[in-house]
1. I'd like the Kirkwood hydrodynamic radius of region 6-105, using the inverse of the mean 1/r over distinct C-alpha pairs, in Å.
2. How high is the FRET efficiency between Glu57 and Ala2 when r is their beta carbon distance and R₀ equals 25 Å, given to the nearest 0.05?
3. Neighbouring Cβ atoms within 10 Å as the yardstick, rank Ile38, Ile102 fewest first.
4. Checking the cross-link filter: which aspartates and glutamates have an alpha carbon closer than 13 Å to that of Lys12, excluding same-chain neighbours under 8 positions apart?
5. By the scheme Lys and Arg +1, Asp and Glu -1, what is the net charge of all other residues having a beta-carbon under 14 Å from that of Ile94?
6. What distance in nm separates the two pseudo spin-label positions at Glu82 and Leu28, each 7 Å out from Cα along the beta-carbon direction?
Amino acid sequence: MAQFDVYLNPSKTTKKYLPYLLDIQSPLLSDLSSRIVIPLGFKSAFKNEAMDRLTPEVSYEGAQFLILTPQLSSVPLSILKEPIGTLSHFRNEIIGSLDFAISGI
């Protein structure tokens, strides 16, 4: 598992609007049985409105998504199957959204 890998959301209730989970956990914590993730939501499901620093917009698999940082959560490692991609090229935006959520800067 690598930081910023993308996984399919296994939840039958939320995957329609939040199809992916973004693993943001540091590789230094790889021995834990859980992972810290942020869901990716279709931008259109949020009326195409984003809070630039808190919910940055990213393109993935030909669609526009918001990184829903306020919905950050921990999930059991067992629900994350094989990664299907990475958003490591959006590292600055992801870290920036976490900084903004925690410190307001």
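1. Roughly 13.8 Å, rounded to one decimal.
2. 0.65
3. Fewest to most other Cβ atoms nearby, the residues stand as Ile102, Ile38.
4. Correct list for Lys12: empty, as no aspartates and glutamates qualify.
5. Local charge sum for Ile94: -4.
6. Each label point is offset 7 Å from its Cα along the Cβ direction, giving 3.1 nm.
Laboratory data are not the source of any read-out in this text; all were calculated from the coordinates shown. Since the model is a prediction, treat every value here as computed from it, not as a measurement. No Cβ is skipped: glycine too gets one built from the backbone with ideal geometry, and neighbour counts run over all protein chains shown.
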